[in-house]
Amino acid sequence: MLELNVSTILLQMANFIIMAFILYRFLFKPLQNVLKERESGILSAMDEAQQARKEAEETRQIYEEKSNNIDAEIAARKNEARIVIERTRQQMLRDVQSQIEQVEAQTEETLTKLQEEAIRQHKERIGELASQFSKGILSDVMSKQIQEEFEAEFLNRITNLDISSYLEGSSLDETNFIKVIMAIRPGSDFEQELRQILDKKLSRKINLSYELDPSLIAGGILRFENKLIDGSLAGQINLLKQKYQEAV
């Protein structure tokens, strides 16, 4: 039969209580604290993970928004570039067209000038040929009678002109030199009559000198210091040549 020893039981109970107290104080409570800290760390990590997830979502949304904005900006820039390119192309076309019109205008102006110059030279050439032809024919048919008629016409022209204006600026006591250029040597009657006409019209001292120029064909030229009276046949032919060139 089993015998119970009360003292042994009490001793064992005391040992159990002491052991339980030691375990609670030095093992269970620290373990509980560790578990609480770990739980707190896990909760904190979960909160941080949730915050990180939220931030990641916000970042994703911002990125998508920026991406959409970038796409829209790229599209806008492309459209703007197309507009600029089209404007530049249109401006280049206008510039090219303007340059073409300028070249055409310059070409037309140059052609007009060349045409006018060609016509002018043609007129001058025809007038010169006609003048030379007329001088040649008249020189061949020239006679003393025709020469005298031209001399008389020359004197008549001087008589009908106000030649006092040809000596403007000269004093009354100043000698005025006048040169008479004739196609042939005139007779004494011509020289005497010319002297009388000049003395009557000028009432000044004059010095007459004569010079021959067969190219005048007939008649002559009365040359003052800066002016002349052309009564020669060559002068009349040249005058007709000028009128012809202006009229053609």
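Here are some notes:
- All Cα pairs of the chain, percent lying beyond 29 Å: 71
- Radius of gyration and maximum dimension Dmax of region 143-247, Cα, Å: 14.3, 47
- DSSP bridge pairs, the chain: antiparallel proportion in percent, nearest 5: 50
- Sorting 182-190, 81-89, 226-234 by average packing, meaning the other beta carbons within 10 Å per residue, from highest down gives 226-234, 182-190, 81-89.
- Applying 1/(1 + (r/R0)^6) with r as the Cβ-Cβ distance of GLU108 and ASN79 and R0 = 30 angstrom yields a FRET efficiency of 0.10.
- Taking the charge dipole of the chain about its Cα centre, with +1 at Lys and Arg Cβ atoms and -1 at Asp and Glu Cβ atoms, the residue from GLY220, ILE100, ALA49 reaching farthest to the positive side is ALA49.
- Relative contact order %, the chain, counting alpha carbon pairs below 8 Å whose residues are six or more apart: 18
- Charged neighbours of GLU101, selected by a Cβ distance under 14 Å, balance to -3 (K, R count +1; D, E count -1).
- Scanning residues 5 or more positions from ILE206 or on other chains, those with amide H under 5 Å from its amide H are ASN176, with H placed 1.01 Å from N in the peptide plane.
- Integer Hz, Karplus 6.51/-1.76/1.60 couplings in order for region 200-215, x for Gly and Pro: 6, 7, 9, 6, 9, 6, 10, 10, 8, 10, 10, 9, 9, 9, x, 5
- Dipole magnitude of the chain, debye to nearest 20 (Cβ charges: Lys/Arg +1, Asp/Glu -1, about Cα centre): 740
Readers should treat all values here as calculations from the given coordinates under stated rules, not as data from a laboratory. Remember, predicted model here, so these are calculated numbers, not experimental data. Here the Cβ is made from the backbone with ideal geometry for all residues, glycine too, and neighbour counts use every protein chain on show.
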